[in-house]
Amino acid sequence: MDKIRIDSLSKTYASKVGRVRALENINLTIGHNEFVTLVGPSGCGKSTLLKVIGALIKPSRGRIIFDEAPLLKPTADVGIVFQEPVLLLWRTVLDNVLLPAEILRLDKAKAKKRAMALLKLVGLEGFETRHPDELSGGMQQRVALCRALIHDPSVLLMDEPFAALDPMTREELGFELLRIWDVEKKTVVFVTHSIPEAILLADRVVAMSPRPGAIARILDIDLARPRTLDMQFTDKFKSYSDEIRAVIHRRAGGSAP
Ligand SMILES: Nc1ncnc2c1ncn2[C@@H]1O[C@H](COP(=O)(O)OP(=O)(O)O)[C@@H](O)[C@H]1O
Ligand SMILES: [Mg+2]
């Protein structure tokens, strides 16, 4: 059974400068516990697609089928991580993680226990009573990840979550995410504009091209798990990367630059 089905989806924004066709006829099926990455150049509609999947915005045409039913409003079965951690500065690490649990009125003791376990899982044990401004960017993003997982959603949507971090922290967090995904068994949709990151994390890479945003290619990533950094130097990895690079810059009806 599919977890998410994106069915003939288009999105046009009405802005002051006119209409922007952000997505054009997107069709994609995402399986239970699958790790899918969306990759493409800036402006190709990645964030728009993620927001439609999370029901944060409505599509202009088409629909999202979530657990076999049309998705009409945001569901607690989804957790979201954005590029910026957007933590509340006056709250401790633990209280930031607990925020969705409060909003959803979950059992306090149980939520606290899960928050502590998640913080431990991301290496933040002992930082529960600290405040966000005492943490590095990587640590803040780990807190945001725990917050997205606190209510145990089965889907995790991530919009360039590591893009603002330095390259080493970024790699480290990528592997950490894979470890968490292995423990927690989530369906992950992960947006990035980094081709290596997209390949290294994914079961499938969805390569998007711009103007209007469309799926240019879907690649099955046939690399063993657990993934390692060395895999980037294999011929297979390089051929995936070449193929993605060739299609994402192609315009509708045109050829690669
Ligand atoms: N709220 C909005 N109003 C008008 N245009 C928008 C809005 N959000 C995004 N866009 C436009 O839609 C296109 C896709 O944007 P976006 O989904 O943010 O792309 P990406 O995340 O791949 O960089 C871009 O041309 C962008 O300028
Ligand atoms: Mg974006």
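No lab work stands behind these numbers, since they all come straight from the coordinates. Predicted model, so just to flag it, every value in this text is computed and none were measured. Cβ placement follows ideal geometry from the backbone for every residue including glycine, while neighbour counts extend to all protein chains displayed.
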- Note on the structure: Per GNM of the chain with C-alpha springs under 10 angstrom, the most fluctuating residue out of ARG21, ARG63, ARG225 is ARG225
- Message: Under 17 Å between alpha carbons, and skipping anything fewer than 8 positions from LYS11 in its own chain: which aspartates and glutamates qualify?
- Response: GLU24
- Percentage relative contact order, the chain, counting C-alpha pairs under 8 Å, at least six apart: 25
- Task: Could you check how many percent of all C-alpha pairs in the chain are farther apart than 28 Å?
- Result: 35
- Task: Taking H placed 1.01 Å from N in the peptide plane, check which residues at least 5 places from GLY40 or on another chain put their amide H under 5 Å from its amide H.
- Result: THR192, MET208
- Can you list, bin by bin at 5 Å, the percent of alpha carbon pairs in region 88-195, starting at 0? 2, 12, 24, 24, 22, 12, 3, 1, 0
- Task: Return the whole-Å distance between the Cα centroid of region 149-163 and the Cα centroid of region 186-245.
- Result: 18
- So for the pair THR234, ASP182, with labels modelled 7 Å out along Cα→Cβ, what separation do we get in nm? 1.5
- What are the ³J(HN,Hα) values, in whole Hz, obtained from phi via the Karplus relation 6.51 cos²θ - 1.76 cosθ + 1.60 with θ = phi - 60°, for each residue of region 234-240 in sequence order, with x given for Gly and Pro? 7, 5, 4, 4, 5, 5, 4
- Query: What residues have an amide H closer than 5 Å to that of ARG217, excluding those fewer than 5 places away on the same chain, when H is modeled at 1.01 Å from N in the peptide plane?
  - Reply: ALA207
- Query: So which lysines pass the test for LYS108, namely a Cα distance under 26 Å, with those fewer than 8 places away in the same chain ruled out?
  - Reply: LYS73, LYS120, LYS185, LYS186
- Options GLY126, GLY137, ALA101, ranked by Cα towards positive dipole end of region 33-150, top entry (Cβ charges): ALA101
- Message: Would region 178-221 count as rounded, prolate or oblate if I go by the C-alpha gyration tensor, calling it rounded below 1.5 in a/c and otherwise prolate when a/b exceeds b/c, oblate otherwise?
- Response: prolate
- Message: So if I place +1 on the C-beta of Lys and Arg and -1 on the C-beta of Asp and Glu, and nothing else carries charge, what would the dipole magnitude of the chain be about its Cα centre? I want it in debye, nearest 20.
- Response: 980
- What nm distance separates the two modelled labels at LYS120 and VAL86, each placed 7 Å from Cα along Cα→Cβ? 3.0
- Message: Suppose only helical runs count, i.e. DSSP H with n ≥ 4. What mean residue ellipticity at 222 nm does that imply for the chain under -39500 (n - 2.57) per run, divided by all residues and rounded to the nearest 500 deg cm²/dmol?
- Response: -10500 deg cm²/dmol
- Note on the structure: For PHE35, other-chain or 5+-apart residues with amide H closer than 5 Å (H placed, Pro excluded) are VAL188, ASP203, ARG204
- Task: Describe numerically, in nm with one decimal, the distance between label points set 7 Å from Cα along Cα→Cβ at HIS131 and at GLU68.
- Result: 5.0
